[in-house]
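The values are calculated or read from the model by the stated rules, or taken from the named source; none is laboratory data. None of the values given here were measured: they were computed from a predicted structure. Cβ sites come from the backbone with ideal geometry, for glycine too, and all protein chains shown count toward neighbours.
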Amino acid sequence: MPHLDPCFINFSNSIKHYSLPKRFTFPFYYQPHPLCELAAKELQHYLHTQQEWQHNFGLTDDKNNASGKMFGVLLVENTQKEIGYLTAFSGKLCGKYTVGHFVPSIPENEQLTSQSDEETKKEKDFYEKFDVEQVEINKLTAKLNALESNPQLPLLQNKLLAIGLAFQKELTQHQEIMAVNRKNRKEQRKNAVQALNNKGLTLLFNQLAKESVHDKNQLKALKHDWQQKIDDVQQQLNTLENEIKQLKNERQNRSSLLQNQLFQQYQLLNKDGCSKSLQDIFKPTPQQTPPSGSGDCAAPKLIQYAFKNNYNILAMAEFWWGISPKSEIRQHKNYYPACSGKCEPILNWMLTGIEQDKNPLLINTANNKKLEILYQDEAMAIVNKPHDMLSVPGKHIQDSVYTRIKQLIPSASGPIIVHRLDMSTSGLMVIALTKRAHKQLQKQFIQRDVEKRYVALLDGIIEQKTGEITLPLIGDFYNRPRQLVCYETGKHAHTTWQVIEYTKNNKTKIYLTPKTGRTHQLRVHSAHPSGLHTPIVGDDLYGTSASRLHLHAEKLTLKHPLTKKELTFQSAPCF
């Protein structure tokens, strides 16, 4: 009997020559199973050819209001033992949470019908009330926008600032006059002691005391008058600002309450049919409450639908389709892991009891690699770190440059590590062998007196020969360790670059010189559309995985911590 589920998709061609996955995908670091790649290609063909709905992915010349989207495929076995796949998108597509061809959103509010089922009726009632409350919140937002755009607000703010400056100016002038008067009175007292008798001194001192009191009273009156002017304007400003503050608090409270009620509608299943709300899933996490958009990513939607329909889940993959966001780096058609901030707590619950591939991040990839010491004296050492070795011990893996140095140079003391290289990056690191040396070397890094140069192999042709990049960076809170470009809160990051040569396979070898030392600076500056727009070969975060990340710290120039002599070290990359 053929299946009747419109979301279950049979492969277009026979898959009998494919082997099924032995375990489910570890969703936070994976290579797609061949059947998931096949499903993704079929979905990409559908996205390219479908005419059922319209969404501007930015793949044409029209970039107005364009936005790329994360899509997912889930390889499943249905109750008839057929192998097929499900598809989903993250967030909204063409303004909707539920679109034909894809599995629905977890609270299926856009697919509710007029059935008599009590649970469905309650769900419909909730969304009707939700829509009413959302309208009220939108009204508050409109009123708040009107108040914040009131021209009286900046006028009063500027007036208050101007009064404050005028008051400070007059106060300073009066205090200067008082200082001169005080100096003159002191001089008069000093001279009078020699020239006047006791009666004359008493009269003079009384007169000078009155003058001092007069100056202080004038100062008091000046402050009072100006304070009255300030209070008058401040009161008018407070009236406007308090109304804005009250509206913001009301909107925040109503939005939070509505959001919490909505999160209760997200009842997420595991393979045993047990359910948990988003609220309960996130309670044990550091943030305790679900971030906005939790449960709307492709992966939870796919797994939820599979469990609801008693499908056996086999493997999954997610890929980006369309133009990259301005803040982060997403390559068209590239595969990406599930996000850690929103999806990790959810998927940890949903995949309870499901055998998964091993987490590659728990495997010590540096186990058989040698840490080469290029230079050593009593104060410092220069080492050549191999790729895929940690600089310092990690949460799960202790093997690192730090632990290797403790073994290779037992006399080393102090913090030892002065600076770090990403685990995936190879090349030169300076090591401090004493506390004194560490302090001196670290000072050079803080003051940016150390010169570092990297060699990278970029996955494309860079036609310009030299240049510089200044894209400010900030950590992606919901997707660590990835970094975002953010002009509002990001830290200044500066890189200069120079082309070395072009290789036969249309790649560019390049020098990268960081003027600042932000996390993943060279990787983001290379891959971002506003940077070189060409990721480093093997960059599994911002480009495409390969045998290794082709980034090597090739040159290091610094001053010896004891002799102050300038030293330069070089190490050629092995790519």
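Structure summary
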| item | result |
| --- | --- |
| Cross-chain or 6+ apart pairs with Cβ under 7 Å, the stretch 78-97 first and over 22 Å from residue 339 (Cα atoms), then in a strand (DSSP E or B) and among the aliphatic types (A, V, I, L, M) | 84/9; 84/76 |
| Matching option when the condition is touching a helix residue (DSSP H, G or I) at 6+ places or on another chain (Cβ under 7 Å) and surrounded by 20 or more Cβ atoms within 10 Å (Cβ to Cβ), among 458, 484 | 458 |
| Complete set of residues in the stretch 142-173 that are surrounded by fewer than 14 Cβ atoms within 10 Å (Cβ to Cβ), in a helix (DSSP H, G or I) and among the polar types (S, T, N, Q) | 145, 152, 158, 168, 172, 173 |
| Of all residues in the stretch 466-499 being β-branched (Val, Ile, Thr) and under 18 Å from the mean Cα position of the chain (by Cα), the one that is farthest from residue 422 (Cα to Cα) | 489 |
| Segments classed as strands (runs of 3 or more DSSP E), wholly inside the stretch 225-331, with at least 3 members that are under 30 Å from residue 525 (Cβ atoms) | 312-321 |
| So residue 248, is it of a type in the set (Lys, Arg), surrounded by 11 or more Cβ atoms within 10 Å (Cβ to Cβ), touching a Gly at 6+ places or on another chain (Cβ under 7 Å) and touching a residue at least 24 places away in the same chain (Cβ under 8 Å) | no |
| Residue tally, condition of a type in the set (A, V, I, L, M, F, W, C) and without any contact (Cβ under 8 Å) to a residue 60 or more places away in the chain, over the stretch 259-273 | 1 |
| Close pairs (9 angstrom Cβ cut-off, 6 or more residues apart or separate chains): within 17 Å of residue 373 (Cα to Cα) in the stretch 386-401, among the aromatic types (Phe, Trp, Tyr) and surrounded by 14 or more Cβ atoms within 10 Å (Cβ to Cβ) anywhere | 390/402; 391/402; 392/402 |
| Test: residue 410 is of a type outside the set (Asp, Glu), part of a loop (DSSP other than H, G, I, E, B) and closer than 30 Å to residue 267 by Cα | no |
| Yes/no for residue 500 being of a type in the set (A, V, I, L, M), surrounded by fewer than 22 Cβ atoms within 10 Å (Cβ to Cβ) and part of a strand (DSSP E or B) | yes |
| Selected residue (only one of 490, 475 is more than 15 Å from residue 551 (Cα to Cα), among the small types (Gly, Ala, Ser) and in contact (Cβ under 8 Å) with a residue 40 or more places away in the chain) | 475 |
| Counted residues, the stretch 438-456 - those being closer than 30 Å to residue 546 by Cβ and part of a loop (DSSP other than H, G, I, E, B) | 1 |
| The stretch 415-437: number of residues that are under 19 Å from residue 390 (Cβ atoms) and either of a type outside the set (A, V, I, L, M, F, W, C) or in a strand (DSSP E or B) (or both) | 14 |
| Filter result for residue 148 (closer than 30 Å to residue 251 by Cα, in contact (Cβ under 8 Å) with a residue 24 or more places away in the chain and not polar (S, T, N, Q)) | yes |
| Which numbered condition residue 544 misses (of (1) at pLDDT below 95; (2) over 29 Å from the mean Cα position of the chain (by Cα)) | (2) |
